[in-house]
Amino acid sequence: MRTILYILQKEFIQIFRNKTMLPMIFMVPLIQMLILVFAATYDLKNVDIFLVDKNLSETSRELVSHFEGSPFFNIYDASFDLAKAENSLKSDDADLIMLIPENFESDLIRDDEVGLQLLVNAIDGNKAQLIFSYVQGILSSYNKKVIAEWKGLAEFNPPLQIKAKISYWFNSELDYKWYMAPGILAILVTIIGMFLCGMNLVREKEIGTIEQLNVTPIQKYQFIVGKLIPFLVIALFDLAFGLLLAKIAFNLPIAGSLALLFGFGTLYLVGVLGLGLFISTVADTQQQVMFVSFFFMMIFILMGGIFTPVDSMPDWAQTLDRVNPIYYFMKIMRNVVMKGSGFTDLIEEFVSLIVIGLVFLSLSIWRYRKTS
Amino acid sequence: MKDELLKTETVTETNNKVIQVKNLVKKFGSFVANKSLTFDVYRGEIFGFLGANGAGKTTAMRILCGLSSPTSGEITVGGYDIYKETEKIKKNIGYMSQKFSLYEDMTVSENIRFYGGIYGLSISKRKEREAEMLAKLKMDEVKNKLISSLPLGWKQKLAFSVAMLHDPQIVFLDEPTGGVDPVTRRQFWDLIYEAAANGKTIFVTTHYMDEAEYCDRVTIMVDGRIDALDTPDKLKKQFNAQNMDEVFLKLARGVS
């Protein structure tokens, strides 16, 4: 225990004397939280429509004005030339081509039904789907209006239908910032903790001081724990700092217990820092640590469910996520912060994080060699 | 040659083998860095390990310190078996590596506090040792300065003293005077003599042949083998040489 305290004392002296460390600890969360949370939004705005209105009737103009009136769409350009419209889709200037056929109005009057062609740029599949559902919303409200106006309210007897009334729980205004902030914060503390921790250990290899430690009677677990704790403290500090920022900047409501959040945070960080240390016991240079950590980080983050819901991933991917610490922590962060989940709701996550933490920490202690 | 030497020594000295190495072999893949080394080191002697770069000196020293494991051979250091009692060995040895190994971004005092703490010295003991050491090195004024601000010679002397902080039986020095000016080198050797006079065993590698003259006994390694092992005087006689430089050149030439 005494030995660990001496290692901690040394690490903190070195951390606070390192000129790049303090800016890292404060500026990285500040900048990432403020920029990424605003940028990583699913809110769809400014969808550019290229209009090909071959009908130019009152009805078609009214339909177009419905789109113009929506905050989500704007008419980027209009032409009769479909080829020109296609080119603007190809050059990425328009997101959507709306083709109103020549006989739009007359068909509608005669048949009570008419087609409208939409060509959506689906390079970003998510966005395309969103555009489609927004368009549907506008069309259905336009439909109702047409029916009401043309057929008269009294005459209009809609077929029996189920009307869904939606209320969004845990984020009633569907504020994406509230959804993204805990997720981005989870990633942020992971990157800061894992990278700094791994780099620190391998740096001792690079400058050769590790040899001097290896000829001392220091025990492997003491060394690893002494290397882990300082960065655990830093990462937890950044978690607190990030939550405070989110509270101030986005008015993020924190529904659950902070003690629970930090308890889980500690458990989670022991796991990822353990992985960082494990990587650096295998690697010889900071560069190698960077690359290998980056590899794991990419997989963990993209499979962790920050941008895409884990539930819609293929089964094998969901199974794989069982060993992904970010997946659990992302879930914990969001559930505790937004929903106010308690410990009993998160037993599975608790057990999983304990297992992951123990495995990574043991691996790093096992792999650290005093004798090569 | 070696038998002759043993005869001249007293019985207590022969029982005082502080390092015993028998048929030490170290292979890195197909490359054999140490080809069956056999030698003993006695308590309180300055044992020089000489050889050209790549002769296998550092490899052998790292094995004795427990930093590297031998491929085969029977080795004890300080009476402890190198395979089974590595951690006990570590309490009894000090090591100063070729790469400078104090923390550059910490002060002299902080380095001493850290290593003292790691070796389990009590706070009072550590402070006592620190005061003693800084007085001897005349470095009391710089104790709150960062290591990075000190000249190389000072750093080396400090590193040596820190390696002896916990009062080890044996001190391993791997080319301790590399890149240091002649005056500081002389001062460094004074420190080594003093430690040996206090009963410490000094195991030192070097490729400065003049330093070989300062050793009690010298081993010359060529190409992974021990080609000669004796006192500097006897070696000079044996090879009919004026100084150790000539001894070394004759040995090295004999190989190529």
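The values are calculated or read from the model by the stated rules, or taken from the named source; none is laboratory data. Everything numeric in this text was worked out from a predicted model, so none of it was measured. When we count neighbours, we look across all protein chains shown, and the Cβ atoms used for this are built from the backbone with ideal geometry, even at glycine.
Points worth noting:
- Of the residues making up the stretch A:272-298, those that are among the small types (Gly, Ala, Ser) and out of contact with any Leu (no Cβ under 6 Å at 6 or more places or on another chain) are A:Gly276, A:Ala283, A:Ser293.
- In this structure, B:Val247 does not satisfy being more than 21 Å from B:Thr184 (Cα to Cα), touching a Ser or Thr at 6+ places or on another chain (Cβ under 9 Å) and not charged (D, E, K, R).
- The listed residue being in contact (Cβ under 8 Å) with a residue 12 or more places away in the chain and touching a Pro at 6+ places or on another chain (Cβ under 6 Å), out of A:Gly340, A:Gly357, A:Gly271: A:Gly271
- In the stretch A:197-253, the residues that are surrounded by fewer than 17 Cβ atoms within 10 Å (Cβ to Cβ), among the polar types (S, T, N, Q) and free of Cβ contacts under 8 Å to residues at least 60 places away in the same chain: A:Asn251
- Helices (runs of 4 or more DSSP H) wholly inside the stretch A:259-364 containing at least 2 residues that are at pLDDT 90 or above and within 18 Å of A:Val189 (Cβ to Cβ): A:286-303, A:325-334
- Residue check for B:Arg185: in contact with a helix residue (DSSP H, G or I) (Cβ under 8 Å, 6 or more places away or on another chain) and touching a residue at least 24 places away in the same chain (Cβ under 8 Å): yes
- The criterion of at least 3 residues that are outside the structural domain of A:Lys144 (by TED's automatic domain parsing) is met, among helices (runs of 4 or more DSSP H) falling completely within the stretch A:14-95, by A:21-39.
- Considering the conditions (1) over 27 Å from B:Asn23 (Cα atoms); (2) surrounded by 20 or more Cβ atoms within 10 Å (Cβ to Cβ); (3) out of contact with any strand residue (DSSP E or B) (no Cβ under 6 Å at 6 or more places or on another chain), B:Ile192 is excluded by exactly one of them, (3).
- Residues that are among the small types (Gly, Ala, Ser), under 25 Å from A:Ile123 (Cα atoms) and in contact (Cβ under 8 Å) with a residue 12 or more places away in the chain within the stretch A:49-105 comprise A:Ser70, A:Ala78, A:Ser79, A:Ala85, A:Ser88, A:Ala94, listed in sequence order.
- When B:Ala159 is tested against (1) at positive phi; (2) facing chain A (nearest Cβ under 9 Å), exactly one condition is not met: (1).
- Those residues of the stretch A:341-356 which are under 16 Å from A:Leu320 (Cα atoms) and of a type in the set (Val, Ile, Thr), in sequence order: A:Val355, A:Ile356
For every residue, the table says whether it meets (1) within 26 Å of the chain's Cα centre (by Cα); (2) more than 22 Å from A:Leu239 (Cβ to Cβ); (3) hydroxyl-bearing (Ser, Thr, Tyr).
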position: A:Ile13; (1), (2), (3): no, yes, no
position: A:Lys19; (1), (2), (3): no, yes, no
position: A:Ile25; (1), (2), (3): yes, no, no
position: A:Met33; (1), (2), (3): yes, no, no
position: A:Thr41; (1), (2), (3): yes, yes, yes
position: A:Leu56; (1), (2), (3): no, yes, no
position: A:Val64; (1), (2), (3): no, yes, no
position: A:Phe73; (1), (2), (3): yes, yes, no
position: A:Tyr76; (1), (2), (3): no, yes, yes
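- Whichever residue in the stretch B:19-41 is over 11 Å from B:Ile75 (Cα atoms) and in contact with a Lys or Arg (Cβ under 6 Å, 6 or more places away or on another chain) and, among such residues, is surrounded by the fewest Cβ atoms within 10 Å (Cβ to Cβ): B:Lys35
- Pick from the stretch A:165-223, criterion in a loop (DSSP other than H, G, I, E, B) and of a type in the set (Val, Ile, Thr), ranking: nearest to the chain's Cα centre (by Cα): A:Ile166
- Identity of the residue in the stretch B:106-147, buried (at least 17 other Cβ atoms within 10 Å of the Cβ) and of a type in the set (Asp, Glu), that ends up farthest from the other protein chains (Cβ to nearest Cβ): B:Glu130
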